[in-house]
Each structure stands twice: as structure tokens, then as C-alpha cells.
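Here the structure is laid out as C-alpha cells; the discussion comes afterwards.
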Amino acid sequence: MIQNVVLDTGPLVAFLDASEENHTFAVDQFREIRPPFYTCEPVIAEACYLLRRQPRAIDQIQRFLRAQLLSLSFSLKMEAEAVFNLMRKYRNVPMSLADACLVVLVEKITDSRLFTLDADFRIYRTSKGKSIRTLSPG
């Protein structure tokens, strides 16, 4: 079992929406990961927006939060300086608020991996210049 996984929007949406291209990949990975999945409010906001026409998927996100399968231990208030520094550094990509929060979160969780479908995380580096370990297709 894989543990200490930080969860991005893409895999969450793909898991909950069977019509998504990476649905099977997401389902297979979720079976191998030991909860909780660490994430942040911007990821939940993005997922709810993308799934807005699928009320059952939104309800499932709420159930995941209630059951503490999704851990929202990240505080933008506490990490704003680091988050906005990353967004400035990667403004040419451009880096979203959610992506910046996830990079900071990956640094905070010991021996973590980021579960993502976003290739931009191959470009992003931690504050110490390290690449981000990911679980991603291909």
C-alpha cells in the first residue's frame, strides 16, 4: 500500500466521473493508496466546480471529507507567503493557487507523493529545488 499521498484535482475528478479519460487509472491507483489523502481547499473547490453537473459526485466528496478520507490539513493563511512566492516564480506556466498549495503541502508531508494528472508538476520544484515525486499516468 502507498501512503502519504497528496491529492490533486485531476485524479479526484477522474475517480468520481466514469466518463473521464483517466477514470480507470484513477480507480486503480486509489485501490493502492492508504487513506487519508492529503489535499487543500482549492483542490476541493476545483473538483466541485468541474463536477458541478454531477450532484452524486459532489455528495461523494462530502462523504470523503466527513469520513476523513480527505485530509484538509493545509492552511493558506499560514502558508500564503510560500504559496504566492511559487505562483510568482512559475507565472510563465502559469501556476494555479491549487498547484502552489500542493507543492507546499508535498514539502510538509514526510516522504509524500503527489497523485496528479498534471504534467506541470514535472516542471515545478520544491523550495529546496527538489523535483516532486508523483503518481501519474505514463
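The values are calculated or read from the model by the stated rules, or taken from the named source; none is laboratory data. Computed from a predicted model, the values in this text were never measured in an experiment. Glycine gets a Cβ as well: all are built from the backbone with ideal geometry, and neighbour counts include every protein chain shown.
A few comments on the model shown:
Matching residues to (1) farther than 14 Å from Val43 by Cα; (2) touching a residue at least 40 places away in the same chain (Cβ under 8 Å):
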position: Ala98; (1), (2): no, yes
position: Ile109; (1), (2): yes, yes
position: Asp120; (1), (2): yes, no
position: Gly138; (1), (2): yes, no
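- For the range 34-111, the helices (runs of 4 or more DSSP H) that sit wholly inside it and include 3 or more residues that are more than 14 Å from the chain's Cα centre (by Cα) are 55-66, 76-89.
- Residue among Leu70, Leu105, Leu86, Leu51 that alone is at pLDDT 95 or above and farther than 25 Å from Ile132 by Cα: Leu51
- If you go through the range 46-69 and keep only what is among the small types (Gly, Ala, Ser) and touching a residue at least 24 places away in the same chain (Cβ under 8 Å), you end up with Ala47, Ala57.
- Matching residues, the range 3-33, being touching a Leu at 6+ places or on another chain (Cβ under 9 Å), among the aliphatic types (A, V, I, L, M) and in a helix (DSSP H, G or I): Leu12, Val13, Ala14, Leu16, Ala26
- Inside the range 88-106, residues that are out of contact with any strand residue (DSSP E or B) (no Cβ under 7 Å at 6 or more places or on another chain) and buried (at least 17 other Cβ atoms within 10 Å of the Cβ) make up a count of 10.
- Some residue of the range 123-137 being modelled with pLDDT of 95 or more, assigned to a helix (DSSP H, G or I) and under 23 Å from Pro35 (Cβ atoms): no
- Qualifying residue in the range 70-92 (condition: within 19 Å of Gln29 (Cβ to Cβ) and without any contact (Cβ under 8 Å) to a residue 40 or more places away in the chain): yes
- Residues of the range 102-138 classified as polar (S, T, N, Q) and over 20 Å from Ser75 (Cα atoms), total: 4
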